[in-house]
Amino acid sequence: MSTVMQFNNANKIQWCPGCGDFAILLALKNAIAEMGLENHQVCVASGIGCSGKLPHYIKTYGFESLHGRSLPPATAIKLANHELTVFAVGGDGDGYGIGMGHFIHTCRRNLDMTYVVHNNQIYGLTTGQTSPTSQKGMKTKSTPHGAIEVPVDPLALAISAGATFVARGFSGDMKHLVSLIKQGAQHKGFALIDVFQPCVTFNKINTFKFFQERVYKLEEAGHDPSSKMKALEKSMEWGDRIPIGVFYKEERSTYEDELPQIAKVPLVKQPIDNISIDKLMDEFY
């Protein structure tokens, strides 16, 4: 039986005290343990940013990639060994800014993996610039007179792009977040878990108190996650009440299901005894 403690390691965590990242890390460990997975059965890929350090703080396979590039290596890892439970992690700037192209195409491909986004609505690692999810009018180092752009809606984008599991959590509600990550990982297909993760250092608007006063759970409101139109409607709800929970869920064949090359045996376990690359190497001479 797996325990949370077995996923701890000796690396010193270097996040600001009170950061919502701590709760996401602990929620991920709890979800993996509750699923009964062992350390060698899990891989976590990340991009760059505060969230990008997460693979350093969890005792599983890990890969820290380039800025906005957590999803490409996560895709490669899943295709190389689809028996692994693969998580990609990133921030709102990492995933919805420079990584937006990868995000959209991973959604439509429906790879069987889970993407946990630390959404603090600001660039935290680079000390407080506006991000793709920052509210219009928000004053930051890069927008001293207020952001003039409308923020992106990652949930609506994921639903319309073809993701088959779309959810949102709040790092101030650990039990609920653990449940969402666990559901996403057990879902056969691409799962987005967007997490409100307050940046206690640079975002003084979207604080823990801000979300505690506004969030409500979709499962307690009778939401039907099988309806794409209702999910899109809920994804655009913002103001005095902000929904969290599972917005959308559907069953569809995954990218891996369409690959006969790995139908019987994972790529990394296929025999290579009789394979010769001499002809290929000759082309380079």
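No value in this document is a laboratory result; all are computed from the given coordinates. Given the structure is predicted, the values throughout are model-derived calculations rather than measurements. Ideal geometry is used to build each Cβ from the backbone, glycine not excepted, and the neighbour counts take in all protein chains shown.
Data table
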| quantity | calculated |
| --- | --- |
| Residue among Lys228, Lys269, Lys234 that alone is in contact with a Ser or Thr (Cβ under 9 Å, 6 or more places away or on another chain) and farther than 27 Å from Cys50 by Cα | Lys228 |
| Matching strands (runs of 3 or more DSSP E) fully within the range 163-234 where at least 3 residues are within 29 Å of Glu256 (Cβ to Cβ) and under 21 Å from the mean Cα position of the chain (by Cα) | 165-170, 191-196 |
| Residue in the range 190-203 that is touching a Pro at 6+ places or on another chain (Cβ under 8 Å) and under 23 Å from Leu232 (Cβ atoms) present | yes |
| Residue tally, condition under 15 Å from Ala158 (Cβ atoms) and free of Cβ contacts under 8 Å to residues at least 40 places away in the same chain, over the range 235-279 | 0 |
| The range 68-92 - residue that is assigned to a loop (DSSP other than H, G, I, E, B) and either crowded, with 18+ Cβ neighbours inside 10 Å or among the β-branched types (Val, Ile, Thr) (or both) and, of those, nearest to the chain's Cα centre (by Cα) | Ser70 |
| Qualifying positions in the range 16-42 - farther than 25 Å from Phe103 by Cα and either assigned to a loop (DSSP other than H, G, I, E, B) or among the aromatic types (Phe, Trp, Tyr) (or both) | Cys16, Pro17, Gly18, Met35, Gly36, Leu37, Glu38 |
| Odd one out for Leu37, checked against (1) in contact with a strand residue (DSSP E or B) (Cβ under 9 Å, 6 or more places away or on another chain); (2) buried (at least 23 other Cβ atoms within 10 Å of the Cβ) | (2) |
| Candidates Thr133, Thr127, filtered to the one that is over 16 Å from the mean Cα position of the chain (by Cα), farther than 18 Å from Ser65 by Cβ and touching a residue at least 12 places away in the same chain (Cβ under 8 Å) | Thr127 |
| Index of the failed condition, Lys53 passing every other in (1) loosely packed, with under 15 Cβ neighbours inside 10 Å; (2) charged (D, E, K, R); (3) touching a residue at least 24 places away in the same chain (Cβ under 8 Å); (4) within 27 Å of Phe208 (Cβ to Cβ) | (1) |
| Any hit, the range 268-281, residues being among the acidic types (Asp, Glu) and loosely packed, with under 10 Cβ neighbours inside 10 Å | yes |
| Test: residue in the range 177-188 that is surrounded by fewer than 18 Cβ atoms within 10 Å (Cβ to Cβ) and closer than 30 Å to Thr126 by Cα | no |
| Residue pairs meeting the criteria (Cβ under 6 Å; at least 6 apart or on separate chains; first closer than 19 Å to Leu25 by Cβ, in the range 90-101; second part of a helix (DSSP H, G or I) and of a type in the set (Phe, Trp, Tyr)) | Gly95/Phe103 |
| Checking Ala45 against (1) in contact with a Pro (Cβ under 8 Å, 6 or more places away or on another chain); (2) in a helix (DSSP H, G or I), the condition it does not meet | (2) |
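Results for (1) of a type outside the set (Phe, Trp, Tyr); (2) in a helix (DSSP H, G or I); (3) more than 22 Å from Ala231 (Cα to Cα), shown as yes or no for each residue.
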residue: Asp94; (1), (2), (3): yes, yes, yes
residue: Ile104; (1), (2), (3): yes, yes, no
residue: Asp112; (1), (2), (3): yes, no, no
residue: Val117; (1), (2), (3): yes, no, no
residue: Ser131; (1), (2), (3): yes, no, yes
residue: Ala147; (1), (2), (3): yes, no, yes
residue: Leu155; (1), (2), (3): yes, yes, no
